[in-house]
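Okay, structure first, notes after.
Nothing in this text is a laboratory measurement; each read-out follows from the coordinates by a stated rule. Keep in mind the model is a prediction, meaning the values are calculated, not measured. Because the Cβ atoms are built from the backbone with ideal geometry, glycine has one as well, and the counts that use them run over all protein chains shown.
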Amino acid sequence: VVRSKDAGPELLVRQLLRGIGYPGYRVHRKELPGHPDISFMGRKKALFVHGCFWHGHACRHGSSRPKSNQFYWHAKIERNMARDKANEVKLSQLGWSVLTVWECELRFREEASKKLAAFMAD
Ligand SMILES: [Zn+2]
């Protein structure tokens, strides 16, 4: 995935977390499976901020595929999805709760904030 590690959607999620009173996150902790984009070490909560296309979200952004090189894209996205699933399993085996925030969800900030609040309070 060609993008900065501090790309927009991730920054927005951090901003929303601060907004609902959870400023104490860490980012890209290498010791955690999958290096979650955002993690709360004491609370054992990890968040991944995923682009819908690259991670195969079941929304219209995730289900549109380029017409050329279909096999290539399909294989790549399948690999990402398998890796995402494996990381989530590893994290939960270590006692972590995991939330995936999809890029498309961030267009509705109020809803996104509510989802984050529910996850953090759980
Ligand atoms: Zn999506």
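Descriptive notes on the structure:
- Loop-resident trypsin sites (Lys or Arg not before Pro) (DSSP state other than H, G, I, E or B) in region 10-50 with no more than 10 further Cβ atoms inside 10 Å of their Cβ: LYS30.
- For the chain, the calculated P(r), taken from all Cα-Cα distances in 10 Å bins from zero up to the bin holding the longest distance, is 13, 43, 34, 9, 1 percent.
- For GLY19, net neighbour charge (Lys/Arg +1, Asp/Glu -1) across residues whose Cβ lies under 12 Å away: +3
- Trypsin sites (Lys or Arg not before Pro) restricted to DSSP loop in region 58-115 with at most 10 other C-beta within 10 Å: LYS67
- For SER113, net neighbour charge (Lys/Arg +1, Asp/Glu -1) across residues whose Cβ lies under 13 Å away: +3
- Once Rg and the Kirkwood radius are both taken over the C-alpha atoms of region 9-68, their ratio Rg/Rh works out to 1.09.
- When DSSP beta bridges are restricted to pairs lying wholly in the chain, around 45% turn out antiparallel.
- Mean separation of Cα contacts under 8 Å (6+ apart) over length of the chain, as relative contact order %: 27
- For region 74-122: rounded, prolate or oblate by the Cα gyration tensor [a/c cutoff 1.5]: oblate
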